[in-house]
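Taking it in order: structure first as structure tokens, then the write-up.
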Amino acid sequence: MLRRSDSRVRSLSVEELGLVLPGGVDSAPAKVVSVGSVEPPKPLSDDHWLSRDADYLLSRHGGLILQGPPGTSKSYLAAGLALRLAGSSARVRLIQFHPSYQYEDFIESPTIVEGNFEVRARHLVEMAEEAEDAPDLTFVMVIDELSRGDAARIFGEALTYVEHSKRGLPFSLASGREFAIPENLVFLATMNPFDRGVDEVDAAFERRFAKISLDPSVEILRNFLSESQMSDGLRRDVEDFFRFANDRAASNPYGALGHAYFLKVANKDDLKRLWRFQLQFFFAKAYQLDDAGRLEIEDRWQSTFGDAQDANESTESDKPLIS
């Protein structure tokens with residue numbers, strides 16, 4: 001049985017705790033984000049391949065991780081799957097982990113209310129309470145960038161109980177409050193498999209979450225370019241470069257180029273701006289220890305699409321000086 005925050009925790013005044021806290025205390029608010037896409041997500045259809053795989057995996061695991069390099073539609077697909085499972089955006093919560101994210105942002109946190117010390121429910125506890133109050137409905141928590149935070153520390157003692165076989169079992173949170181994660185609360189997460197925190201995530205979630213890999217897709221790229229009404233010849237050139245870059249990434253997975261970078265790209269000027277403002281930095285970082293590989297990528301792009309600097313774009317000398 002899930003206990004509400006005021007049923008087990010006694011309010012204590014600052015004086016009783018012997019604390020002197022000017023201005024009160026509260027944790028930094030959690031960062032709730034939307035998906036990184038130009039278009040708002042739509043619920044996935046029942047016959048979408050991800051819907052079919054997710055239905056099977058979520059019936060056996062505590063959650064599902066979508067993993068892949070940048071630009072492979074992880075966040076977009078996670079949001080679409082969440083909307084399909086929940087049936088309403090009101091029962092979907094999108095959260096992004098980051099290096100400073102903590103247990104107190106995700107589970108519960110101490111705060112001062114009118115001079116008294118109280119424990120405030122955070123995202124997981126709030127959603128679990130909502131889900132317990134509506135057992136016939138599905139609630140979905142989407143955790144973007146799972147590997148950018150210390151996942152085991154953020155979940156704390158709740159990590160064990162996200163397992164499918166342990167749903168509904170009561171346990172104690174750090175405050176001493178009795179808590180349980182209901183069966184109708186679904187966890188979806190996204191992560192880049194090359195982030196530095198992936199090993200820790202793998203160790204913590206190996207038995208609890210299933211994984212699906214999302215890879216750069218020529219088919220999805222082709223759909224994007226067709227929707228943008230790119231000419232056939234230029235589209236073939238983009239597809240050839242895309243294949244070249246991802247074949248090159250077989251020896252350097254950090255250089256895998258996602259199809260979402262080309263969303264809304266329609267012509268050569270768009271491609272030049274894409275290189276100038278995004279791709280040159282992406283490849284410079286991916287090949288920072290491999291100058292030959294980086295130059296090979298750059299030469300292929302320039303020979304296919306021309307100079308990155310477009311004639312009608314500003315140069316460094318055109319930029320106003322800041323005094």
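Label-point separation (nm) for residue 174 and residue 228, each offset 7 Å from Cα along Cα-to-Cβ?
4.5 nm
First check a/c for segment 129-223, with a ≥ b ≥ c the square roots of the eigenvalues of its C-alpha gyration tensor; if it is under 1.5, answer rounded, and if not, answer prolate when a/b is larger than b/c or oblate otherwise.
It is oblate, given that a/c is not under 1.5 and a/b is not larger than b/c.
With a cut-off of 13 Å, note down the residues of segment 258-290 whose backbone N falls inside the zone around a label point 7 Å from the Cα of residue 299 toward its beta carbon.
Flagged as within label range: none.
By its C-alpha gyration tensor, with a ≥ b ≥ c as the square roots of the eigenvalues, how is segment 208-248 shaped: rounded for a/c under 1.5, else prolate for a/b larger than b/c, else oblate?
oblate
Between segment 106-127 and segment 237-264, what is the C-alpha centre distance in whole Å?
Between the Cα centres of segment 106-127 and segment 237-264 lies a distance of 45 Å.
Counting just the Cα atoms, what span does segment 218-305 cover along each of its three principal axes? Round to the nearest Å and put the largest first.
Computed over segment 218-305, the largest-to-smallest principal extents equal 37, 23, 18 Å.
Quick one: if the Förster radius is 41 Å, what FRET efficiency do residue 111 and residue 288 give, using the C-beta to C-beta distance and rounding to 0.05?
Working from the Cβ atoms, E equals 0.45.
Using 20 Å as the cut-off for backbone N distance, which residues of segment 69-86 belong to the label zone defined by a point 7 Å from the Cα of residue 198 along Cα→Cβ?
69-78
Grab the other residues whose beta carbon is less than 13 angstrom from that of residue 206, score K and R as +1, D and E as -1, and report the net. It would help to have the intermediate numbers written out before the result.
Values: positive: 207, 208, 211; negative: 163, 199, 200, 202.
Summing Lys and Arg as +1 and Asp and Glu as -1 gives -1.
Below 12 angstrom from the Cβ of residue 192, what's the summed charge of the other residues (Lys, Arg +1; Asp, Glu -1)? Don't skip to the end; give the middle numbers.
Details: positive: 74, 148, 196; negative: 144, 145, 195.
Residues near residue 192 contribute 0 overall.
Within the set of other residues whose C-beta is less than 12 Å from the C-beta of residue 107, count the net charge using Lys and Arg as +1 and Asp and Glu as -1.
Around residue 107, the surrounding residues sum to -1.
Going by average Cβ density within 10 Å per residue, which order do the peptides 253-264, 41-52, 124-135 take, highest to lowest?
Top of the packing list down: 253-264, 124-135, 41-52.
Read-outs throughout are calculated quantities, based only on the coordinates presented, and are distinct from any laboratory measurement. What you see is a predicted model, and the numbers here were worked out from it, not measured in a lab. Every residue, glycine as well, gets a Cβ built from its backbone with ideal geometry; the counts of neighbours run over all protein chains shown.
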